[in-house]
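Below is one structure, written out as structure tokens, with a few remarks after it.
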Amino acid sequence: MSGPTELGKERDMGLLRVRGLTVRRRDGHPLVEDIDLDLAAGDRLGLVGESGSGKSLTALAVAGLLPEGMTATGSVQLDGVELLGLAEAELAKVRGSGVAMVFQEPLTALDPLMRVGRQIASGLRRHRGLTGRQAEAEAVELCRRVRLPDPEESARAYPHQLSGGQRQRVGLAIALACGPRLLIADEPTTALDVTVQAEILDLITESVAAEGAGLLFISHDLPVIATVADRIAVMRDGGIVEHGDLHPVLADPEHPYTRELLTAALAAGRLPGDPVPDDSSGEAR
Ligand SMILES: Nc1ncnc2c1ncn2[C@@H]1O[C@H](COP(=O)(O)OP(=O)(O)OP(=O)(O)O)[C@@H](O)[C@H]1O
């Protein structure tokens, strides 16, 4: 978003600054290479690209959650604090109050044996120092905020008693519990049907706006990115091939891969607009 926003002044302060981020496998082979990203408070950056292009590893490196054996080099600064190389104890503090993540299938992130209210409350106790009772009350409030039906009842439910969309609301409540400055959402609606998907996307954008947080939203699906993001970075083969404000990039994509994504979305009728002009014709429509 390049125009003024209600977050106007804050927007100038860099929230996330990534430079030369490279993620390597144990054997030194790079899977993500030389990534630069900038995100200000209130920005919603969509990272789009095909499966295997390195979106998730980029997000995990930013959150300090890379799988065992992978290493990140370069620089990842949150509010001016360098995160790469921080000890696990320091990183754990940043996670939760600084950076929170929502994943594609919250079932894998949720404890199947614990009521969801307690799972939300446990983050509140850890990061906000609330007592057990305060945290449980606040957890119900968060269930209300993410619009779970009957918040008291939902807080008492076990994950398997909720639908996929409701579990994703719980995942979001856990992420929001500590008022993160940056929310990373990695394909959070891919497993959901279209109607529920739209509701969750609305909820995510509303929630980050209410928090004045930044959003790094990952999807292989350009129309989903277009719904959520105001800026876009297109990834392919471990690198960013094009980035910028959403509308200018979609109106006039420079990279052939961005054009390919756009053409497919327009042909499927999933984005409004004219077909992408064919480069070879030399004519703009
Ligand atoms: N734990 C791992 N060990 C080894 N290689 C991995 C691991 N995780 C990811 N990779 C490889 O790193 C590359 C980037 O994967 P990544 O998951 O970041 O892609 P992605 O764009 O998020 O795709 P998807 O949408 O399918 O998750 C891929 O080639 C993938 O096979």
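General remarks:
- Going by neighbour counts of Cβ atoms within 10 Å, the residues 103, 217 line up, fewest first, as 103, 217.
- The residues packed around residue 230, meaning those with a beta-carbon under 10 Å from its beta-carbon, carry a net charge of 0 if Lys and Arg are +1 and Asp and Glu are -1.
- Gyration tensor verdict on region 111-179 (Cα atoms; rounded if a/c is under 1.5, prolate if a/b is larger than b/c, oblate otherwise): prolate
- When the chain is treated as a GNM with alpha-carbon contacts under 10 Å, the residue of 159, 272, 180 showing the greatest mean-square fluctuation is 272.
- Arranged from fewest to most other beta-carbon atoms within 10 Å of their beta carbon, 257, 158 become 158, 257.
- Angle in degrees between helix 116-128 and the longest Cα principal axis of the chain, rounded to the nearest 10: 90 degrees
- Exposure proxy for 211, 68: other Cβ atoms within 10 Å of each Cβ, ordered fewest to most, give 68, 211.
- Base-10 log of normalised Debye intensity for the chain (one unit scatterer per alpha-carbon) at q = 0.07 Å⁻¹: -0.26
- Alpha-carbon centroid distance for the pair region 51-98 / region 124-186, whole angstrom: 24 Å
- The length gained by stretching the chain between residue 247 and residue 133 to full extension, at 0.36 nm per residue less their Cα-Cα distance, is 36.4 nm.
Values in this text are rule-based calculations from the coordinates and carry no lab data. All values reported here derive from a predicted model rather than from experimental measurement. Positions of Cβ are backbone-derived with ideal geometry, glycine not excepted, and every protein chain shown enters the neighbour counts.
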